[in-house]
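J.: The structure follows.
The values are calculated or read from the model by the stated rules, or taken from the named source; none is laboratory data. Quantities reported herein were computed from a predicted structural model and do not represent experimental measurements. Here the Cβ positions follow ideal geometry from the backbone for every residue, glycine too, while neighbour counts run over all protein chains shown. Areas reflect the complete protein model, heavy atoms only, side chains present, ligands, DNA and RNA absent. Shrake-Rupley method; radii C 1.70, N 1.55, O 1.52, S 1.80 Å.
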Amino acid sequence: MSLTTRTFVAEAEYVVASIQYRTIPQGATYTDTLADIAAAIQFLRTNASQYGIDPAKVAVWGDSAGGYLASMTGLTGDANVQAVVDDFGATDLSKVTSDFDTAGQQAMAPLTSSFVKYAPDMTAANPANRVTADAPPFLIFHGNQDTIISPSQTLLLHNALQAAGADSTRYVVDGGGHGTLAPTPESRLPWTSQQVLGITVNFLNKHLK
């Protein structure tokens with residue numbers, strides 16, 4: 001998540017915290033990472049008065065791997081968050097590049113192979129399989145020029161949320177690539193645009209204020 005993005009939300013009068021968590025190079029699995037995120041949220045709630053936080057109104061937001069983890073956090077129930085923003089996160093880790101052409105799949109092979117260690121049980125690691133009707137509201141974005149995680153991934157989650165009767169809104173961002181990893185300035189630009197960030201703040205205003 002870029003500094004521009006965090007600053008925009010902070011200027012909309014939200015407390016913004018960026019957390020650290022264990023990842024694949026540290027030998028972590030997705031359950032380790034989710035435990036780290038839950039611990040960070042609990043720390044913020046425990047120290048809510050110090051940081052000026054309303055502990056009953058917490059949203060999680062991330063892009064790419066962070067988007068996946070935000071969705072998983074929102075659907076595990078342990079963290080009890082009130083809203084989720086998922087920017088181009090994965091859903092089914094076994095099919096992240098399944099609708100790319102052969103060259104695209106080969107280029108992403110090192111990434112997809114690492115998912116086997118990170119999520120040995122990919123059924124349990126799929127946020128769409130954790131959806132219930134009482135899921136928190138979701139705002140989902142995906143760029144139509146993403147060559148790392150297919151836009152079909154967030155569509156899987158969005159469809160599952162809607163099928164369960166949960167609140168989910170999904171936008172396909174024209175010209176958007178995979179955030180800061182997009183290959184051109186033009187495909188990175190939409191993620192810090194007034195339009196995308198404005199929609200995000202409006203979503204937070206609706207569900208947290």
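J.: Might you let me know whether the stretch 188-198 holds any residue that is within 21 Å of Gly74 (Cβ to Cβ) and either in contact with a Lys or Arg (Cβ under 8 Å, 6 or more places away or on another chain) or open to solvent by less than 20 Å² (accessible area, probe 1.4 Å) (or both)?
T.: Residues of the stretch 188-198 within 21 Å of Gly74 (Cβ to Cβ): 191, 196-197.
Still in the list and also either in contact with a Lys or Arg (Cβ under 8 Å, 6 or more places away or on another chain) or open to solvent by less than 20 Å² (accessible area, probe 1.4 Å) (or both): 196-197.
Scanning the stretch 188-198, I find at least one residue that is within 21 Å of Gly74 (Cβ to Cβ) and either in contact with a Lys or Arg (Cβ under 8 Å, 6 or more places away or on another chain) or open to solvent by less than 20 Å² (accessible area, probe 1.4 Å) (or both), so the answer is yes.
J.: On to the next question. For the stretch 177-186, indicate whether the set of residues that are surrounded by fewer than 17 Cβ atoms within 10 Å (Cβ to Cβ), under 16 Å from the mean Cα position of the chain (by Cα) and at pLDDT below 95 is non-empty.
T.: yes
J.: Let me ask something else about it. Residues that are modelled with pLDDT under 90: find the helices (runs of 4 or more DSSP H) completely inside the stretch 1-112 holding 3 or more of those. Break it down into steps so the answer makes sense when it comes.
T.: Working: elements: 3-11, 30-46, 48-51, 65-76, 102-107.
The helices (runs of 4 or more DSSP H) meeting that bar are 102-107.
J.: Additional query: Quick check, is Leu139 part of a helix (DSSP H, G or I), in contact (Cβ under 8 Å) with a residue 24 or more places away in the chain and closer than 23 Å to Gly77 by Cα?
T.: Answer is no for this residue.
J.: Which residue pairs have Cβ atoms under 7 Å apart, sit 6 or more places apart or on different chains, and have a first residue in the stretch 148-159 that is among the hydroxyl-bearing types (Ser, Thr, Tyr) and a second that is open to solvent by 10 Å² or more (accessible area, probe 1.4 Å)?
T.: Ser150/Thr97; Ser150/Asp99; Ser150/Phe100; Ser152/Asp99; Thr154/Arg170
Here is a yes/no grid of residues against (1) open to solvent by less than 80 Å² (accessible area, probe 1.4 Å); (2) at pLDDT 95 or above; (3) touching a Phe, Trp or Tyr at 6+ places or on another chain (Cβ under 7 Å); (4) not small (Gly, Ala, Ser):
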{"residue": "Thr123", "(1), (2), (3), (4)": "no, yes, no, yes"}
{"residue": "Asn126", "(1), (2), (3), (4)": "yes, yes, no, yes"}
{"residue": "Asn129", "(1), (2), (3), (4)": "no, yes, no, yes"}
{"residue": "Ile148", "(1), (2), (3), (4)": "yes, no, no, yes"}
{"residue": "Leu157", "(1), (2), (3), (4)": "yes, yes, no, yes"}
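Yes/no per residue for (1) in contact with an Asp or Glu (Cβ under 9 Å, 6 or more places away or on another chain); (2) charged (D, E, K, R):
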| position | (1), (2) |
| --- | --- |
| Gln82 | no, no |
| Asp92 | no, yes |
| Thr102 | no, no |
| Lys117 | no, yes |
| Pro127 | yes, no |
| Ile140 | yes, no |
| Gln145 | yes, no |
| Ile149 | no, no |
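J.: Another question about this same structure. Val58 is checked against (1) of a type outside the set (D, E, K, R); (2) closer than 26 Å to Ile149 by Cα; (3) open to solvent by less than 30 Å² (accessible area, probe 1.4 Å) and fails just one. What number does that condition carry?
T.: Val58 satisfies all of (1) of a type outside the set (D, E, K, R); (2) closer than 26 Å to Ile149 by Cα; (3) open to solvent by less than 30 Å² (accessible area, probe 1.4 Å) except (2).
J.: Looking at the stretch 73-109, which of its residues are surrounded by 17 or more Cβ atoms within 10 Å (Cβ to Cβ), out of contact with any strand residue (DSSP E or B) (no Cβ under 9 Å at 6 or more places or on another chain) and of a type in the set (Asp, Glu)?
T.: Answer for the stretch 73-109, where residues must be surrounded by 17 or more Cβ atoms within 10 Å (Cβ to Cβ), out of contact with any strand residue (DSSP E or B) (no Cβ under 9 Å at 6 or more places or on another chain) and of a type in the set (Asp, Glu): just Asp92.
J.: Say whether the condition of being under 18 Å from Trp61 (Cβ atoms) and out of contact with any Cys (no Cβ under 9 Å at 6 or more places or on another chain) is met by at least one residue in the stretch 97-116. First the steps, then the outcome.
T.: Step one: filter the stretch 97-116 for residues under 18 Å from Trp61 (Cβ atoms), giving none.
No, every residue in the stretch 97-116 fails to be under 18 Å from Trp61 (Cβ atoms) and out of contact with any Cys (no Cβ under 9 Å at 6 or more places or on another chain).
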